[in-house]
Amino acid sequence: MNGRRLVDNIGGKLMLVLTVLSGVLLLLMAWGLVAKSSAILSLKPLDTLLFSGNWNPLRGEFGFFPFIAGTIWVVGVATVIAVPVSLLTAIYLSEYAGRKIKGIVNPFIDLLAGIPSVVYGVWGVLMIVPFVKNYIAPLYGTFSSGYCVLTAGIVLAVMIFPVIINVSVEVLNMVPREVREASLSLGATKWQTVKKVVLRRAMPGVIAANVLGIARAFGETMAVLMVAGNVAMIPKSLMDPAYPLPALIANNYGEMLSIPLYDSALFFAALLLFAVVFFFNLVSRAVLVRIEKGIR
Amino acid sequence: MKNRTHISVENLNVYYGDNQVLKNVTIAIPDKTITAIIGPSGCGKTTLLRCFNRLIDTVDGIKVTGKVLVDGDDIFDPQQDVTAIRKKMGLLSQRPFPLPMSIYENVAYGPRIHGTRKKNELDVIVEKYLKMANIWDEVKDRLHEPASSLSIGQQQRLCLARGLAVEPEIILADEPTSALDPVSSRNIEERFMELKNRYTIVMVTHILRQAKRLADYVVFVYLGELIEHGPSKEIFENPKEQITKEYIKGIIS
Ligand SMILES: Nc1ncnc2c1ncn2[C@@H]1O[C@H](COP(=O)(O)OP(=O)(O)OP(=O)(O)O)[C@@H](O)[C@H]1O
Ligand SMILES: [Mg+2]
């Protein structure tokens, strides 16, 4: 066997090992989370953990519902803002924008994707918190500190724009040009073509793109931690503070661990997040891979 | 055979960026006949065809000068409603591209867009044009299955029905049989022969024998230039230009 083939062989094996390793890492992580949260899981029934609103670790009450509700509120608001905005942007970029505009806009979107989440957090504190406090809350006729569901939702929405836009544009670009031309040649307008043909054909992928973005929103710790308000209550409105799961973990891990079961509780929170994000990612990736392979 | 001119091209130039692909093309395409555009690969046949329904507009960095008159109207005039121009022409592409919907919906798509809403009217239209494209018998029991479930040959006939359903005057076809098996190809050719009394058909083809079989009028394009055009018989039996002769004999391709 000559040298080049040897290198090729070793290279291939090495990459296989690394790939397997990252898979194993994921399993180890999941296993670690399960192992660590088993203490609380064996003491409390799952439905109490998930659906009880009593969060009082000192008295041994671990109802995660306020955090779960907070997470859902914040992610829900982010989704409601991000989905239409990023979808329209993606449609504009793939169907309407000329090469010049794409050349200007695409780098900005990539830049947006590359900004660390802590910077988004700071931006939220500096700009969105006062904006919500001074302008939006009075509009509602209520008082809000600005650290609330709406603020966190806005910040998260901006964070997931690039994910949804980029993946959606890719999916839209995979629709063959000729399908658009078929519709146009029948006398359809561009918008009719986009709405009835392009989006229809790209729908599974567009949904996957959005799910991917939403999965990202679930896990974004820093941004949410800095602007959500972090009060352990079930939010009743957009102006209420929320305490989403990532913020709970980041704020308390390492601090409150003298309280019995607290660390196990936090691992359980992490397990929940892990499971949700993993599931969302898995589903959307599977859909995207199928689309790329041309299976419809 | 003296038909009136349906599409008239005057001094048409097309540039992709700096690359000029059609050079000062002038032709008159007669009404209610089959016109074949022939020429070697890359000479601008598709580009010419795509000028007729202004699909060329969708290309980035395109520049078009000169005129294309359809029924005497300059279609590149900015006042023109491009959807109305396209509605006048059905398009068959090299490979069939059904819309991502059912067989029925594919045919109903055009009429719907142009304002036909009633279910019973659409039913009539769908049946009529599927029959005209000679595919009704094969699909009448599966109208609501996705169009992608059909064979390629069936899909091409479905695309023909879809184009006919907007009641065009012109059928544009870009190598419509090149992806099809011989039987399906013959089926499309037979449809064209039936339809040519009612429609102006302009087809691009690579296959000289097909042009001979079908065309009444032939346009020969070479490297972006119109070399020769005229009745099929003249072009094939008695070409004026040396280069046409060579192409027809298969010396250049
Ligand atoms: N979108 C485009 N951008 C840039 N150049 C193009 C584009 N489409 C076609 N061309 C170029 O224009 C020339 C003519 O292309 P066209 O597709 O009209 O030729 P054709 O005669 O239809 O060829 P074929 O027989 O291979 O289909 C070719 O040189 C091609 O490379
Ligand atoms: Mg071509």
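Key figures for this structure:
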{"read-out": "Residue in segment A:81-95 that is within 25 Å of A:Met256 (Cα to Cα), assigned by TED's automatic domain parsing to the domain that holds A:Ile164 and surrounded by 21 or more Cβ atoms within 10 Å (Cβ to Cβ) present", "value": "no"}
{"read-out": "Residue among A:Leu21, A:Leu50 that alone is in a helix (DSSP H, G or I) and not assigned by TED's automatic domain parsing to the domain that holds A:Gly219", "value": "A:Leu21"}
{"read-out": "Residues (open to solvent by 70 Å² or more (accessible area, probe 1.4 Å) and within 16 Å of ligand 1 (Cβ to nearest atom)) located in segment B:174-208", "value": "B:His206"}
{"read-out": "Index of the failed condition, B:Tyr15 passing every other in (1) open to solvent by 40 Å² or more (accessible area, probe 1.4 Å); (2) of a type in the set (Phe, Trp, Tyr); (3) away from ligand 2 (no atom under 16 Å from the Cβ); (4) within 14 Å of chain A (Cβ to nearest Cβ)", "value": "(4)"}
{"read-out": "Total residues in segment B:125-151, condition part of a helix (DSSP H, G or I) and surrounded by fewer than 13 Cβ atoms within 10 Å (Cβ to Cβ)", "value": "1"}
{"read-out": "Pick from segment B:58-91, criterion assigned to a loop (DSSP other than H, G, I, E, B), within 14 Å of another protein chain (Cβ to nearest Cβ) and away from ligand 2 (no atom under 16 Å from the Cβ), ranking: nearest to B:Pro176 (Cα to Cα)", "value": "B:Lys88"}
{"read-out": "Qualifying position, being part of a helix (DSSP H, G or I), touching a residue at least 40 places away in the same chain (Cβ under 8 Å), more than 26 Å from B:His6 (Cα to Cα) and more than 14 Å from chain A (Cβ to nearest Cβ), among B:Tyr104, B:Tyr109", "value": "B:Tyr104"}
{"read-out": "Search result, residues across segment B:18-31 that are open to solvent by 20 Å² or more (accessible area, probe 1.4 Å) and either of a type in the set (Ser, Thr, Tyr) or closer than 23 Å to B:Arg209 by Cβ (or both)", "value": "B:Thr26"}
{"read-out": "Among (1) over 23 Å from the mean Cα position of the chain (by Cα); (2) within 24 Å of A:Leu225 (Cβ to Cβ); (3) assigned by TED's automatic domain parsing to the domain that holds A:Pro260, the one test that A:Arg59 misses", "value": "(2)"}
{"read-out": "In segment A:86-119, the residues that are modelled with pLDDT of 95 or more and within 15 Å of A:Arg216 (Cβ to Cβ)", "value": "A:Ser86"}
{"read-out": "Only listed residue being under 17 Å from the mean Cα position of the chain (by Cα) and part of a helix (DSSP H, G or I), chosen from A:Leu266, A:Leu272", "value": "A:Leu272"}
{"read-out": "Single match in B:Arg50, B:Arg4, B:Arg54 (criterion: away from ligand 2 (no atom under 16 Å from the Cβ) and within 14 Å of chain A (Cβ to nearest Cβ))", "value": "B:Arg54"}
{"read-out": "Every residue from segment B:219-235 that is more than 14 Å from the chain's Cα centre (by Cα) and open to solvent by less than 30 Å² (accessible area, probe 1.4 Å)", "value": "B:Phe220, B:Val221, B:Gly224, B:Glu228, B:Gly230, B:Ser232, B:Ile235"}
{"read-out": "Number of positions in segment B:32-58 that are surrounded by 15 or more Cβ atoms within 10 Å (Cβ to Cβ) and farther than 26 Å from B:Thr244 by Cα", "value": "4"}
{"read-out": "Helices (runs of 4 or more DSSP H) contained entirely in segment A:131-192, each with at least 3 residues that are touching a residue at least 60 places away in the same chain (Cβ under 8 Å) and away from chain B (no Cβ under 14 Å)", "value": "A:149-173"}
{"read-out": "Yes/no for A:Val75 being surrounded by 11 or more Cβ atoms within 10 Å (Cβ to Cβ), assigned by TED's automatic domain parsing to the domain that holds A:Ala209 and within 28 Å of A:Tyr253 (Cα to Cα)", "value": "yes"}
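The values are calculated or read from the model by the stated rules, or taken from the named source; none is laboratory data. Predicted, not measured: the structure shown is a model, and the values here were computed from it. Virtual Cβ from ideal backbone geometry, glycine too; neighbours counted across all protein chains shown. Just so you know, the surface numbers come from the protein's heavy atoms only, side chains and all, with ligands and any DNA or RNA stripped out. Shrake-Rupley method; radii C 1.70, N 1.55, O 1.52, S 1.80 Å.
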